[in-house]
Amino acid sequence: SANASLQLGDLHAYPAALPHKVHDITKGRRYTLVVATRGTIEGYWAAALRDYERLARELGEEHPKLHWILGEHLESIERPEEARRAFAASYRATPQKPQYARKFADDAAEKHAAGDLRGAAEDLGMATLVEPDDAEYRVDLGVVLWRL
């Protein structure tokens, strides 16, 4: 839970309706014990993806974190482009959408100036996903892609 304060060696168990990322591991190891699943493990993960997608679609505008959780799941199953779109949807669903897009564009400008065209293209791609109607980001992305 959000208020759990775990120490090395502690065991924390809770029911989870969906698989999800809990915290990054900075020291030691994390072990996961799956107690029971219905059907095959492939069916379990396919159902999890369907549930994530449904929750993000139905409730994501009110709860942007649902898009973020979907993005983390998509990353974990090696679908990076879909994950980027889910992360962008999370940013888009917040009142800070323009600031997020601007931050990606500013980071892209720094990378472009340093000669990192691929990094600049990735950041500008995120800026255009977050603010798809902003012509500045689309033009800048086109320039960087042309230079690649």
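With a Cα-only, solvent-free Debye model of region 76-148, what are the log10 I(q)/I(0) values at q = 0.20 Å⁻¹?
Log10 I(q)/I(0), no solvent term: -0.79.
Let me check something: with ligands and nucleic acids excluded, how do Val139, Val144 order by accessible area (1.4 Å probe), largest to smallest?
Val139, Val144
Work out, step by step, the length gained on full extension between Lys65 and Gln99: first 0.36 nm times the residue separation, then minus their alpha carbon distance; give nm to one decimal.
Value of the extension gain: 10.5 nm.
Per-residue accessible area for Asp134 at 1.4 Å probe radius, Å² rounded to 10?
Asp134 exposes around 50 Å² with every protein chain in place.
Can you figure out the FRET efficiency of Asp106 with Glu81, using R₀ = 25 Å and their beta-carbon distance, to the nearest 0.05?
After rounding to 0.05, the efficiency reads 0.60.
Sorting Lys97, Lys65 by accessible area (1.4 Å probe), largest first, what list results?
Correct descending sequence by accessible area is Lys65, Lys97.
If you count only protein heavy atoms and use a 1.4 Å probe, how large is the accessible surface of Ile69, to the nearest 10 Å²?
Here the residue's solvent-accessible area equals roughly 40 Å².
Just read off the accessible area of His63 with the full protein assembly in place, 1.4 Å probe, to the nearest 10 Å².
Roll a 1.4 Å probe over it and His63 shows about 90 Å².
The values are calculated or read from the model by the stated rules, or taken from the named source; none is laboratory data. Remember, it's a predicted structure, so these values are computed and weren't measured experimentally. Neighbour counts are summed over all protein chains in view; Cβ atoms, including those assigned to glycine, are modelled from backbone coordinates with ideal geometry. Surface accessibility is based on the protein's heavy atoms, side chains included, excluding ligands, DNA and RNA. Shrake-Rupley method; radii C 1.70, N 1.55, O 1.52, S 1.80 Å.
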